[in-house]
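Quick notes on the structure that follows.
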Amino acid sequence: IPKDAERALGHRLTPEGKVEPMPAYEPAEPNPSASMSATARDLAAWLRFQVADGVAPSGTRLVSAKPLLETRTPQN
C-alpha cells in the first residue's frame, strides 16, 4: 500500500486525553495465518461475491457453490 494512500487509521488517547491517529501497521513481509490487508471497498466486493454464490457482477460464475462454502467454514 503506498504511504500516501487514502485510508482510515486507528486512533488512541494520549496521556493528556487528546485523540491522535495511530501509526499504520506496516509489516515487512506477510505474516502467516490471519495477515490481511483490505479496504472497505475490497470487503464489500467480497461480500457481494459471497451473497451471489460465486457469480461475478457480469453474471459469470467464477467458482462453484461447494468450494465457496468452504470459505465460510472454520479452518485450523
Among P21, G54, A38, flag the residue with its Cα farthest along the positive direction of the charge dipole of region 20-61, charges on Cβ as +1 for Lys/Arg and -1 for Asp/Glu. G54
Within the set of other residues whose C-beta is less than 13 Å from the C-beta of G54, count the net charge using Lys and Arg as +1 and Asp and Glu as -1. +2
Treating only the Cβ atoms of Lys and Arg (+1) and Asp and Glu (-1) as charged, compute the dipole magnitude of the chain about its Cα centre; round to the nearest 20 debye. 320
Between T14 and L47, the FRET efficiency computed from the C-beta separation at R0 = 30 Å comes out, to the nearest 0.05, as 0.25
Does anyone have the angle between helix 40-51 and the longest principal axis of the chain? Alpha-carbon axes, 0 to 90°, nearest 10? 20
Quick check: convex hull over the Cα atoms of the chain, volume per residue in Å³, rounded to an integer? 175
For the chain the mean separation of alpha carbon contacts under 8 Å (6+ apart) over residue count, i.e. relative contact order in percent, is 14
What number, rounded to the nearest 500 deg cm²/dmol, is the helix-based mean residue ellipticity at 222 nm of the chain, given -39500 (n - 2.57) per DSSP H run of at least four residues and division by all its residues? -6500 deg cm²/dmol
Pop a pseudo-label 7 angstrom from the Cα along the beta-carbon direction at both A24 and E6 and give the gap in nm to one decimal. 1.4
With all protein chains present, region 27-76 has a carbon and sulfur share of its accessible area (1.4 Å probe) in percent of 60
With a 1.4 Å probe and all protein chains left in place, how much accessible area per residue does the chain have, in Å²? 91
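The values are calculated or read from the model by the stated rules, or taken from the named source; none is laboratory data. Values in this document were obtained by computation on a predicted structure and should not be read as measured data. For neighbour counting, all protein chains shown are included, and Cβ atoms are generated from backbone atoms with ideal geometry for every residue, glycine included. Heavy atoms of the whole protein, side chains included, go into the accessibility calculation; ligands, DNA and RNA do not. Shrake-Rupley method; radii C 1.70, N 1.55, O 1.52, S 1.80 Å.
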